[in-house]
Amino acid sequence: MSWKKICTAADVPENALAKFEVDGIEILVANYGAGYRAFPPRCPHMEEPLCESGMLFDGLMTCSKHLWQWDMRTGGMLGMAEKELLFYEIKQEGEDLYANIEQELVYEDDDEAEEEDDDDFFNA
């Protein structure tokens, strides 16, 4: 495991999102009141920057672009969301927040997945 310090707890007020960079990797941290979540800074739908369009209230994060939602308490999808958020494991030690960063988490692009499916079809 490779635990890296992201920020202090005070850097992310309750019901807020804050973007940080750790070893060249951008990470968004959500303080949902009962804890923290760390994840890539873009919506898995259309790569909308969640630091601009993400809204966090009562443990629910909503991308205001297309109203996809995730429950920060469970990490699960809600409503219209069709893709899970990818999460970095996060822990708090004293006032510091750390994420387990083995590698950058990246969402699979739907177009790339469709191209791979097409290749499999034509190469069969």
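Structure values in brief
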{"quantity": "Count of residues meeting criterion [touching a Ser or Thr at 6+ places or on another chain (Cβ under 6 Å) and open to solvent by less than 20 Å² (accessible area, probe 1.4 Å)] in the stretch 52-67", "calculated": "2"}
{"quantity": "Given (1) surrounded by fewer than 16 Cβ atoms within 10 Å (Cβ to Cβ); (2) in contact (Cβ under 8 Å) with a residue 24 or more places away in the chain; (3) assigned to a loop (DSSP other than H, G, I, E, B); (4) under 14 Å from the mean Cα position of the chain (by Cα), number of the condition Met46 does not satisfy", "calculated": "(2)"}
{"quantity": "Residue selected from the stretch 97-124 under the condition assigned to a loop (DSSP other than H, G, I, E, B) and surrounded by fewer than 13 Cβ atoms within 10 Å (Cβ to Cβ), by the criterion modelled with the lowest pLDDT", "calculated": "Ala124"}
{"quantity": "Those residues of the stretch 67-91 which are closer than 24 Å to Ala9 by Cβ and aliphatic (A, V, I, L, M), in sequence order", "calculated": "Met72, Leu85, Leu86, Ile90"}
{"quantity": "Test: residue in the stretch 13-22 that is in contact (Cβ under 8 Å) with a residue 60 or more places away in the chain and under 15 Å from Met72 (Cβ atoms)", "calculated": "no"}
{"quantity": "Residue satisfying all of: in the stretch 69-90; part of a loop (DSSP other than H, G, I, E, B), free of Cβ contacts under 8 Å to residues at least 24 places away in the same chain and open to solvent by 60 Å² or more (accessible area, probe 1.4 Å); farthest from Gly54 (Cα to Cα) among these", "calculated": "Thr74"}
{"quantity": "Selection within the stretch 19-43 - open to solvent by less than 20 Å² (accessible area, probe 1.4 Å) and out of contact with any Cys (no Cβ under 7 Å at 6 or more places or on another chain)", "calculated": "Val22, Ile27, Ala30, Asn31, Gly35, Ala38, Phe39, Pro40"}
{"quantity": "For Gly94: the one exception among (1) without any contact (Cβ under 8 Å) to a residue 12 or more places away in the chain; (2) surrounded by 12 or more Cβ atoms within 10 Å (Cβ to Cβ); (3) of a type outside the set (D, E, K, R); (4) under 21 Å from Ala10 (Cβ atoms)", "calculated": "(2)"}
{"quantity": "Total residues in the stretch 16-33, condition of a type outside the set (A, V, I, L, M, F, W, C) and either in a strand (DSSP E or B) or under 16 Å from Ser53 (Cβ atoms) (or both)", "calculated": "4"}
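The values are calculated or read from the model by the stated rules, or taken from the named source; none is laboratory data. These numbers come from a predicted model, not from an experiment. Positions of Cβ are backbone-derived with ideal geometry, glycine not excepted, and every protein chain shown enters the neighbour counts. The accessibility values were calculated without ligands, DNA or RNA, using every heavy atom of the protein model including side chains. Shrake-Rupley method; radii C 1.70, N 1.55, O 1.52, S 1.80 Å.
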